[in-house]
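Undergrad: Dropping a structure here in structure tokens format, bear with me for questions.
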Amino acid sequence: MTITATRGTTTASPKAPVKKPDGGRRRAWATRAPLLPALVFLIAVTQLPFVATLVISLFDWNSLKPEKRHFTGLSNYASVFTDEALRESVVTTVVLTATVVLVSVALGLVFALLLDRAFFGRGFVRTLLITPFLLVPVSAALLWKHALYNPEYGLFNGALTWFGELFGIESIAQPEWTSEMPLIAIEASLVWQWTPFMMLILLAGLQSRPAEIIEAARLDGAGPWQIFRHLTLPHLRRYLELGVLLGSVYIVQNFDAVFTITSGGLGTANLPYTVYETFYRAHEYGLASAAGVVVVIGTIIIATFALRVVSSLFREEASRA
């Protein structure tokens, strides 16, 4: 610091601004640079097609009559919610998603509670229960359609025949599962495949319970039902929300089971299958694109809630640590 004297007064000259080194900025760019190719690839394969879908959804575009293509604005979106077939597919999607998610969460909770106990062969049983979730969705749907639902050689009708012979019933009903109860047939296959996913999430929540609190409740005389109702269930609330939201994200856009088991017939066409029918069978590119955008927006809304639940779980775990 330099001191200057002027007419008996002493003043201090201000410091010259010090430039901060660019090392921190360079290090930040150095860590981000390897991610740029992945970011560019992600934008190219996801965002650009979505932008193209948005543009196409604003046109009345039938591929069989390309010369009559013209801009229609938001009329395709109005058709999504007013067309009877599309409206029914939206209702079917909601019913299918809600049924599969709720039943899968309930069964997953039961299996998670059982696997939280120590018993011989628990690891082997857990592996068997996880197996359905590891199957390719089309393979799982084909398994249910042919090995279980087939009226001639399927396991279900075979079990009914064996049951009838065992109890002396000569003529027992042999139902056509996929034609008499088509939506339930699809829901059963999806519940079978998604219950292990819910079980894993809830089992992780059960194993994160503070053991000392459970032991203190037992010493105070709390029974199993009281511990489950007042301690276990409140602790699992976030995990239940996470399972419901993640399951909804995936099941709302399920296509494989509907296409494989019923081919969208008998009132089982959900919105993704209707988009497929509109695009590839009716060749209505604009209307199909609008319906696809509706599915994407609905999935994004559900995924946003799921991410919030995940972040809250991470914050809770960090606060405990």
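The values are calculated or read from the model by the stated rules, or taken from the named source; none is laboratory data. What you see is a predicted model; the values in this text were computed from it and never measured. Quick reminder, even Gly has a Cβ in these numbers, built from the backbone with ideal geometry, and neighbours come from all protein chains shown. Heavy atoms of the whole protein, side chains included, go into the accessibility calculation; ligands, DNA and RNA do not. Shrake-Rupley method; radii C 1.70, N 1.55, O 1.52, S 1.80 Å.
Undergrad: Take each of the peptides 263-273, 137-147, average the number of other beta-carbon atoms within 10 Å over its residues, and list them starting from the highest.
TA: Numbers: 263-273: 19.7, 137-147: 17.2.
Per-residue mean Cβ counts within 10 Å order the peptides as 263-273, 137-147.
Undergrad: Ok, one more. Using the alpha-carbon atoms, what tilt in degrees (0 to 90, nearest 10) does helix 285-320 show relative to the longest principal axis of the chain?
TA: The answer is roughly 70 degrees.
Undergrad: For the chain, with only Lys/Arg (+1) and Asp/Glu (-1) charged at the beta-carbon, what is the dipole magnitude about the Cα centre, in debye rounded to 20?
TA: Working: 25 positive and 22 negative charges, 533 e Å.
Result for the chain is approximately 2560 debye, rounded to the nearest 20.
Undergrad: If you build a Gaussian network model of the chain, linking Cα atoms that sit under 10 Å apart, which residue out of 171, 63, 289 swings the most?
TA: Most flexible of the set in this elastic network: 171.
Undergrad: Using the C-alpha gyration tensor of segment 194-290, what are the square roots of 5 times its eigenvalues, in whole angstrom, with the largest one first?
TA: Values: eigenvalues 420, 29, 18 Å².
Semi-axes, largest first: 46, 12, 9 Å.
Undergrad: Any idea how far apart residue 227 and residue 315 come out in nm if each label point goes 7 Å out from Cα toward Cβ?
TA: Distance between label points: 3.1 nm.
Undergrad: How high is the FRET efficiency between residue 180 and residue 155 when r is their beta carbon distance and R₀ equals 22 Å, given to the nearest 0.05?
TA: Working: r = 17 Å, r/R0 = 0.76.
So, using R0 = 22 Å, E works out to roughly 0.85.
Undergrad: While we're here: To the nearest 20 debye, what charge dipole does segment 145-254 have about its Cα centre, counting +1 at the Cβ of each Lys and Arg and -1 at the Cβ of each Asp and Glu? Walk me through the intermediate numbers first.
TA: On the way: 6 positive and 10 negative charges, 121 e Å.
With only Lys, Arg, Asp and Glu charged at Cβ, the dipole is about 580 debye.
Undergrad: What is the gain in length, in nm to one decimal, between residue 299 and residue 84 on full extension, counting 0.36 nm per residue of separation less the C-alpha to C-alpha distance?
TA: Working: separation 215, 0.36 × 215 = 77.40 nm, distance 2.21 nm.
Separation in residues times 0.36 nm, less the Cα-Cα distance, equals 75.2 nm.
Undergrad: Taking just the alpha carbons, could you work out the radius of gyration and Dmax for segment 118-200, both in angstroms?
TA: For segment 118-200, the Cα radius of gyration and maximum Cα-Cα distance read 15.7, 45 Å.
Undergrad: While we're on this one: If contacts are Cα pairs under 8 angstrom and at least 6 residues apart, what is the relative contact order of the chain in percent? Working shown, then result.
TA: Details: 318 pairs, mean separation 82.7, N = 321.
Relative contact order of the chain: 26 percent.
Undergrad: Between 122, 218, 237, where does the largest GNM mean-square fluctuation fall for the chain, given springs only between Cα atoms within less than 10 Å?
TA: 218
Undergrad: If Lys and Arg each add +1 and Asp and Glu each add -1, what is the summed charge of the other residues whose beta carbon sits under 14 Å from the beta carbon of residue 178? Numbers along the way, then the final one.
TA: Details: positive: 145; negative: 152, 176, 180, 187.
The answer is -3.
Undergrad: With all protein chains present, how much of the accessible area of the chain (probe radius 1.4 Å) comes from carbon and sulfur, to the nearest whole percent?
TA: Percent of accessible area from carbon and sulfur atoms in the chain: 67.
Undergrad: Okay, which of segment 242-256 sit inside 19 Å, backbone N to the point 7 Å along the Cα-Cβ direction of residue 147?
TA: 256
Undergrad: Find how much the distance from residue 39 to residue 62 grows on full extension, using 0.36 nm per residue of separation minus their present alpha carbon separation; answer in nm with one decimal.
TA: Values: separation 23, 0.36 × 23 = 8.28 nm, distance 3.37 nm.
Length gained between residue 39 and residue 62: 4.9 nm.
Undergrad: Using the charge dipole of segment 39-137 (Lys, Arg: +1 at Cβ; Asp, Glu: -1 at Cβ; taken about the Cα centre), state which of 98, 58, 110 has its Cα farthest towards the positive end.
TA: In segment 39-137, that residue is 110.
Undergrad: Okay, moving on. To test your reading of the geometry: what angle, between 0 and 90 degrees and rounded to tens, separates the Cα axis of helix 122-134 from the longest principal axis of the chain?
TA: It is inclined by approximately 90 degrees.
Undergrad: In segment 122-230, if the dipole is taken from +1 on Lys/Arg beta carbons and -1 on Asp/Glu beta carbons about the Cα centre, which of 149, 225, 172 is farthest to the positive end?
TA: About the Cα centre, the residue reaching furthest to the positive side is 225.
Undergrad: May I pose another question? For the chain, set up a Gaussian network in which alpha carbons nearer than 10 Å are linked by springs, and say which option among 211, 291, 78 fluctuates the most.
TA: Per the Cα network of the chain with a 10 Å cutoff, 211 tops the list.
Undergrad: So, one more: Using a 1.4 angstrom probe, figure out how much accessible area the chain has per residue, in square angstrom, rounded to the nearest whole.
TA: Dividing the accessible area of the chain by its residue count gives 63 Å².
Undergrad: According to the square roots a ≥ b ≥ c of the eigenvalues of the Cα gyration tensor, what is the shape class of the chain, taking rounded for a/c under 1.5, prolate for a/b larger than b/c otherwise, and oblate for the remainder?
TA: Working: a/c = 3.07, a/b = 1.36, b/c = 2.25.
It comes out oblate by the Cα gyration axes.
Undergrad: Can you give me the distance in nm between label points at residue 69 and residue 55, each placed 7 Å from the Cα along the Cα-to-Cβ direction?
TA: So the label points at residue 69 and residue 55 sit 1.0 nm apart.
Undergrad: What relative contact order, as a whole-number percentage, does segment 184-321 give when Cα pairs under 8 Å and 6 or more residues apart are counted?
TA: Details: 79 pairs, mean separation 33.3, N = 138.
In percent, rounded to a whole number, it is 24.
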